[in-house]
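A short reminder: the numbers here are calculations on the coordinates, not readings from a lab. Given the structure is predicted, the values throughout are model-derived calculations rather than measurements.
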Amino acid sequence: MTPKWTVTADDVDVTDALASRLVSLQITDELGFDADEIAITLDNAGGAVSAPRRGAVLKASLGFAGAPLVLMGHFTVDEVEERHPPRQLSIRGRGADLRAASLKTRRDEVYEDTSVGDVVKAIALRN
């Protein structure tokens, strides 16, 4: 089985640009309230790879040749690091933009005669 993958950055497919330089692509599916994470390491010999901006949205899909790829999620870039030697670019992102102010705001609300589904929908729409 041959692994296949795609990555977009802010809705631009960058898979072909990264394919020859990919060292590793790791996605961690966290449990509970921890955000999922993506970690991409690229060979950046000659400084040929431009680092994505912090806050860029990466979308990653994984799978195998001959089968449909599975969308693993959308990740907001929160860390970019250049390492030497060898010259490598490390990109990390989280599945939720935990920097968003709305996620850090304390709220007290009462939901009477409301289904759990409607409460979850209200919170999701707000954030």
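Given just the C-alpha atoms of the chain, how large is their convex hull per residue in cubic angstrom? Can you show the working numbers first?
Working: hull volume 18.1 nm³, N = 127.
Cα convex hull per residue, to the nearest whole number: 143 Å³.
How large is the helix-only mean residue ellipticity at 222 nm for the chain, computed as the sum of -39500 (n - 2.57) over DSSP H runs with n ≥ 4, divided by its residue count, in deg cm²/dmol to the nearest 500?
On the way: 3 runs with 20 residues, N = 127.
Per the formula, -4000 deg cm²/dmol.
Expressed as a whole number of Å, what is the distance separating the alpha-carbon centroids of the range 108-122 and the range 1-21?
40
Return one number: the angle in degrees, 0 to 90 and rounded to the nearest 10, between the long axis of the Cα atoms of helix 116-126 and the longest principal axis of the Cα atoms of the chain.
60
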